Structures are given as C-alpha cells and as structure tokens.
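Participant: Could you have a look at this structure, given as structure tokens, before my questions?
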Amino acid sequence: MIDTVNPIIAPENLIYAKSEVLLDNIMHYCPGCSHGVVNKLIAEVIEDMGIQQTTIGIAPVGCAVFAYNYLDIDWQEASHGRAPAVATGVKRLLPDTFVFSYQGDGDLAAIGTAETIHACNRGENIVMVFVNNGIYGMTGGQMAPTTLPGMQSSTCPFGREASRDGHPLKITELLAQLPGTSYVTRQAVHTAASVRKTKKALRLAFENQKLNKGTSVIEVVATCSSGWKMTPVQANKWMEENMFAYYPLGDMKNE
Amino acid sequence: MKEIKLMKGNEAIAEAAIRCGADGYFGYPITPQSEVMETLMALKPWETTGMVVLQAESEIASINMVYGGAGCGKKVLTSSSSPGVSLMQEGLTYLAGAELPCVVVNVVRGGPGLGTIQPAQSDYFQAVKGGGHGDYKLIVLAPASVQEMADFVDLAFDLAFKYRNPAFILTDGVIGQMMEKVELAPFKPRWTNEEIEKNHPWATMGKKQRKERNVITSVELDPYKHEDLNKKLQAKYRLIQETEVRLEMIACEDADYLLVAYGASARICEKAVEVARSKGIKVGLLRPITLFPFPTLEIKRLAAQVKGILSVEMSAGQMVEDVRLAANGVVRVEHFGRLGGIIHSPSEVVEALENFFLKA
Ligand SMILES: Cc1ncc(C[n+]2csc(CCOP(=O)(O)OP(=O)(O)O)c2C)c(N)n1
Ligand code: SF4
C-alpha cells in the first residue's frame, strides 16, 4: 500500500493540504463531530486571507473550549456565554485586529443570550461562529435551548415538551432582525458541498469585518453523535431530516 | 503648576483613569457610583487620549469586556456598586485565574439584596475573601478621601500589572459622593501597542511575529498541573502579602486602645480619636490602606501594647475577623458599626469603646 501511495505524494499531485494555521495537536472532538470541520474551515479562511498574525479568537465553554489548541492564533478563553462581551472588549481596544467568537448553542443562546443580543445590537465589528447541535455536548447531552420538540436528552429523557420546556429558540432569525448585524446565515458541514458553502460564508464574514460592516453571524447546524446517541452516519441523516426542517439553511441577511 | 479641583470621589475616579493613561472603561449604571461613567462620557476621552468608554448591557458584560481588554494587555477598568459587583464575581474569579491585570471599583451601598443606596462597608468579605469560586485573592485598596480615590486608580493599575492580578478599589457611598479638594496628577500617555508587546509579552494582540501563540485561559483539566497553577497563585499572593501592605497610623505611639477602620469609617474614627483624647482616653487609629494584603503584623505588634482593639466598620462585623486573627488572642477585639446605610458618629464610636473596655 505505502509503496503505491508514496510515489503519488508529489507537489504536482497535491490538491489539498492541511492549513498552516491548524496545529498538529490531536483534536479531542468525538468522531463525526462537526466542531472539527468548523475549526478547520476557520483555519483555512484565516490562512487564505493572510490574517493569522492579526486574528484573536474567543473560545467558549462547551466542547470547543480547547479550540485554542487547534488554531495557531492568539486566543482568549471566555466564561460560559460571555464570549461576545470578551470579543467586544478585545475589538474595541484593538480595532485593527480580526476578532471572532466561537460558541455552542448553550453558550450563545441560553446562558449568554444577553451578551449575544447586545453585541449584535451594538453592531460589534466581530464574527460570531455559532455551532448549533441542539444539545449540550460537553456536559453529557442535556437539553439545549435549540433542542427540537420531542427530541430526547438526558434532562428531557422522554422528549422535549414545549408546554414544559419551552420552544427551540431560533436565535439566529432573531439576530437577523437587529440593525447591528450585516450578515446572518445558517449553514452546515455534513457534505462536501455544504462544507464549501460554510467556508464561503466564513470568508464573507471576515471580509465584512475588514470593511467595518458590523456583526456577522454564521450559524452551523451541527451533529453531536455522542449527545444524540447515534453513529456519525445516523446523526447526519437525522440532522438532515429533522434539524434542517426547523433550522432551514441559507442566508437570512446579507447587507 | 499644580492642578487642584473640588470634586466628588466618583468624579475623581473618572478623571484619574483618563490621566493615568487608561485604555478603556466598561460599566453599567448603579447608585451611588453612576458619576464615574457620567463623568467619563462628559469628558469624551476618546477624542483626547483615545480611551474607550462603553456602557454595557449589564455588569456581567462589563466585567467580561474588561477581561477581553485586559487580555490584550490594555489598562481597563470598571466600576459599580454592591449588587452590580455581585454580578461581577464570576468575571473576577476568571480574571484572577487567568492572571489578568485590571481595576474594579466598588462604591459600596447597604445590602443584602437590593438593600439601600446609602453607604455601607458590608462587602468586605466579598472583596477580600473572594466572592467568586476558587482559591484566589484580589489586591484590595481602601481609599479614605477623594484625593485617594484619584491616586489609587494609578496605584491599582501599577499593582495589577506588577502582579498580573485584578486590583480592587473598595470604597463606599460616602467617599464616592462627598466633595473634597483634589490635586490631580499630570497626564500620562497611554501605552502604545509596541510598548505593550514589549512589556507584557503574554498579551493577545494577534500573534505577530511571535513563535508561540498567546492564550488567555483559566482552564486546566490535568489535576496535577492545576495544583501547580494554584500553588503558583498562592506564592504570588504570599509575595503580595510580604511586599505591598500599606497602612496609616494615627496617635498609636502611646495608645492604650486601638481603633481599626478603613474608608469612610476611618475618617469618622480620626475624629473619634480626638474626642476620646479630649476625655483623657489614649486612643490610636490604625487605618489599613490595603485590605488584601492586610496589615496583620502591625496589628499584632500593637495588640501587645494596647488594652483593647475596636474594629469599626459600617457592617455587622467583617474586617473584625481579620483583626482578631492578627491579634491572635493577645488582647480583646470587639466590633462596632451601624448597619444598612447608617453612618456612625465619632461620639458613638467613643461610647462603644467605653462600653466595651472602660466599664467594669
Ligand atoms: C456558569 C456555568 N454553568 C454551567 C457550566 C457547565 N457547562 C459547560 S459546557 C455547557 C453547555 C455546553 O453546550 P453548548 O454551548 O451547546 O456547546 P457544545 O458542548 O454542545 O459544543 C455547560 C452547561 C459552566 N461551565 N459554567
Ligand atoms: S460531545 Fe458532541 S459536540 Fe462534543 S465533541 Fe462529542 S460529538 Fe462533538
């Protein structure tokens, strides 16, 4: 096998290479987790734009808490839900840098709702990357603000019931209403085509920041096979059939 | 030429922040300290020194904006009063854990709960013992005049950056609201980004040409490494305890009785010393200027000299615990203080002293 593959590894045959912004540390994400793909896409966009030296990432509390081990840029690790406020502090004091927050649904749409809405409402000139897997991955699969009706989690073992647990929060639609946001989109990373689209969306968001256009919000509807108790393949299928119906993909705002 | 102005304590904080080259202020209105942000907004420092001033959506947001700015090596501060500072406790423990320098001002009002907007000193435990989770310490300064409100902003930033630790100004509604003459310090230029990169190589300003990325964090899941981190923090706190104690002693040389008081209470006790001495009772006053580090050794020394110590605070008795620990049973230590926003008078203090120590 090696004998047949090795000669093929030649510069002229390479169509894909690992981003230089991506470190060699082994990712702690579960197999099939969307976080790894989104981390990688951000690394690629940073490399493509040549902004590795001037980008500061704000990591959340959630499964992406150690994102700073994967991207070779400066990072700050925020407390749960406060990444948009931390990002505000960074961007206001270093307006010439590129600043993004990276947050899960619990972080962005439950405990940090106020920080999220107000950062967007002020039109903070930052990128918010929002990984919506409909569950609390890091703490072991509890109900999230975005958990679908009927969907099971360890804190709604018989399924989410709107009358008791409230409705899944479409926070991205809400953020698109705010004059402070300039680009609000919902994407996914489960197919090659969707990965390419998400990368394009991320690129646009960072370009917007260069142009001082206000807040860009990139939601990525994601799988959490561990939290959902599915194989990665099942999780992708379940996401397509159920999550996309409630969280339709596409741009909500592009100004 | 000296610049002397009559101003409120809260206004002095704002003026001093601009003058000492602060880069940013983030805050949320609350009585009795709203004048800090109001003064900053009126002075528009973004047009002169380039300082950023932003009204946040909550104290939770303010302290996290401070975290972001502090992580960039910038001189950032926030101010609030008791209920708001309760909301900042999470942020403060993260700042301490990530070893970020910043300045936080608490113009204390009476609690618990929404309490009152009148002055109090009932947040000593929260400030000095750590109101958030984990083994951490804030450097706590206690101004007793409007002049010190101004001077301690600069001092707090110096200490915060020297030790990479949040510095806290614990004051109260009396000092925040009262007007006194202040000699203002000359303007210091804000640090340039190049200066920050050079002097604070840990700051996240974008990786630039550094080989290693900078990461501001307080998480460490390996318990052995985390124990080491905690030990390092404790060593720092010990160093601060050994190096940075500040206090003022008034009429202590020949004192038979000692008052210990900080902030507004210390001002009242200065007068109480006079009243007591006019009655022939030899009373001295020890005023801690730093509450952490606490002047333990000085109190211990005086405990061997005096016949009684009275800790005077506008609280149910918080600092008195540290005074007792310092006296370590050598002499009787009592507490006196009015509660809930009532300010004690000098004669009440002397009466309490007489009741505790001079009545058979
Ligand atoms: C103040 C606080 N409350 C609760 C937690 C525990 N906690 C850690 S991560 C998390 C939820 C993470 O879920 P999400 O934001 O959806 O991210 P995911 O792990 O799914 O990527 C919770 C509740 C915490 N660390 N801090
Ligand atoms: S628990 Fe879920 S979100 Fe977390 S790493 Fe595993 S799959 Fe990803």
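The values are calculated or read from the model by the stated rules, or taken from the named source; none is laboratory data. Just so it is clear, the model here is predicted, and its values are computed rather than measured. Virtual Cβ from ideal backbone geometry, glycine too; neighbours counted across all protein chains shown. For the accessible areas, the whole protein counts, side chains as well, though only heavy atoms, and no ligand, DNA or RNA atoms are used. Shrake-Rupley method; radii C 1.70, N 1.55, O 1.52, S 1.80 Å.
Participant: Give me the helices (runs of 4 or more DSSP H) completely within segment B:79-146, filtered to those with at least 2 residues that are under 21 Å from B:Q55 (Cβ atoms), ordered by residue number.
Facilitator: B:82-87, B:89-97
Participant: Based on this model, can you work out whether A:R122 counts as of a type in the set (D, E, K, R), open to solvent by 10 Å² or more (accessible area, probe 1.4 Å) and within 10 Å of ligand 1 (Cβ to nearest atom)?
Facilitator: In short, no.
Participant: Also, I was wondering about something else. Take the residues in segment A:33-60 that are within 14 Å of ligand 1 (Cβ to nearest atom) and touching a strand residue (DSSP E or B) at 6+ places or on another chain (Cβ under 8 Å); name whichever of them is farthest from A:Y102 (Cα to Cα). Steps first, please.
Facilitator: Of segment A:33-60, the ones within 14 Å of ligand 1 (Cβ to nearest atom) are A:33-39, A:58-60.
Narrowing further to those that are touching a strand residue (DSSP E or B) at 6+ places or on another chain (Cβ under 8 Å): A:34-35, A:38-39, A:58-60.
Numbers: A:S34: 13, A:H35: 10, A:V38: 10, A:N39: 9, A:I58: 6, A:A59: 6, A:P60: 6 Å.
For segment A:33-60, the residue satisfying everything is A:S34.
Participant: Just to be sure, is A:T147 open to solvent by less than 40 Å² (accessible area, probe 1.4 Å), assigned to a loop (DSSP other than H, G, I, E, B) and not small (G, A, S)?
Facilitator: It is true that A:T147 is open to solvent by less than 40 Å² (accessible area, probe 1.4 Å), assigned to a loop (DSSP other than H, G, I, E, B) and not small (G, A, S).
Participant: Test A:E77 against the stated conditions and say whether it is within 7 Å of chain B (Cβ to nearest Cβ) and either within 16 Å of A:V21 (Cβ to Cβ) or open to solvent by less than 10 Å² (accessible area, probe 1.4 Å) (or both).
Facilitator: Yes.
Participant: Which residue, of A:L169, A:L202, A:L174, is modelled with pLDDT of 95 or more and open to solvent by less than 10 Å² (accessible area, probe 1.4 Å)?
Facilitator: From the options A:L169, A:L202, A:L174, the qualifying one is A:L202.
Participant: Further question on the same structure: Just the residues that are more than 8 Å from chain B (Cβ to nearest Cβ), open to solvent by 10 Å² or more (accessible area, probe 1.4 Å) and touching a Phe, Trp or Tyr at 6+ places or on another chain (Cβ under 7 Å), please, taken from segment A:52-74.
Facilitator: A:C63 - this is the single residue of segment A:52-74 that is more than 8 Å from chain B (Cβ to nearest Cβ), open to solvent by 10 Å² or more (accessible area, probe 1.4 Å) and touching a Phe, Trp or Tyr at 6+ places or on another chain (Cβ under 7 Å).
Participant: Hey, another quick one. For residues that are on the phi > 0 side of the Ramachandran plot and within 13 Å of ligand 2 (Cβ to nearest atom), tally how many sit in segment A:213-234.
Facilitator: Residues that pass the stated criteria total 1.
Participant: Right, another one. Somewhere in segment A:5-19, is a residue buried (at least 17 other Cβ atoms within 10 Å of the Cβ) and either in contact (Cβ under 8 Å) with a residue 60 or more places away in the chain or not charged (D, E, K, R) (or both)?
Facilitator: Taking every residue of segment A:5-19 in turn, at least one turns out to be buried (at least 17 other Cβ atoms within 10 Å of the Cβ) and either in contact (Cβ under 8 Å) with a residue 60 or more places away in the chain or not charged (D, E, K, R) (or both).
Participant: Filter segment A:143-170 down to residues that are within 16 Å of ligand 1 (Cβ to nearest atom) and either β-branched (V, I, T) or under 22 Å from the mean Cα position of the chain (by Cα) (or both), then give me how many there are.
Facilitator: The qualifying residues number 12.
Participant: Please pick out the residue among A:E173, A:E219 that is touching a residue at least 60 places away in the same chain (Cβ under 8 Å), within 16 Å of ligand 1 (Cβ to nearest atom) and among the acidic types (D, E).
Facilitator: From the options A:E173, A:E219, the qualifying one is A:E219.
Participant: Filtering segment A:87-108 down to residues that are within 14 Å of ligand 1 (Cβ to nearest atom) and touching a Phe, Trp or Tyr at 6+ places or on another chain (Cβ under 8 Å), which residue is farthest from the other protein chains (Cβ to nearest Cβ)?
Facilitator: By that ranking, first place goes to A:D105.
Participant: The conditions are (1) of a type outside the set (A, V, I, L, M); (2) without any contact (Cβ under 8 Å) to a residue 24 or more places away in the chain; (3) more than 26 Å from A:A188 (Cβ to Cβ), and A:D96 fails exactly one of them. Which is it?
Facilitator: A:D96 satisfies all of (1) of a type outside the set (A, V, I, L, M); (2) without any contact (Cβ under 8 Å) to a residue 24 or more places away in the chain; (3) more than 26 Å from A:A188 (Cβ to Cβ) except (2).
Participant: Considering only helices (runs of 4 or more DSSP H) fully contained in segment B:1-77, which possess at least 2 residues that are surrounded by 24 or more Cβ atoms within 10 Å (Cβ to Cβ)?
Facilitator: B:9-19, B:35-43, B:59-71
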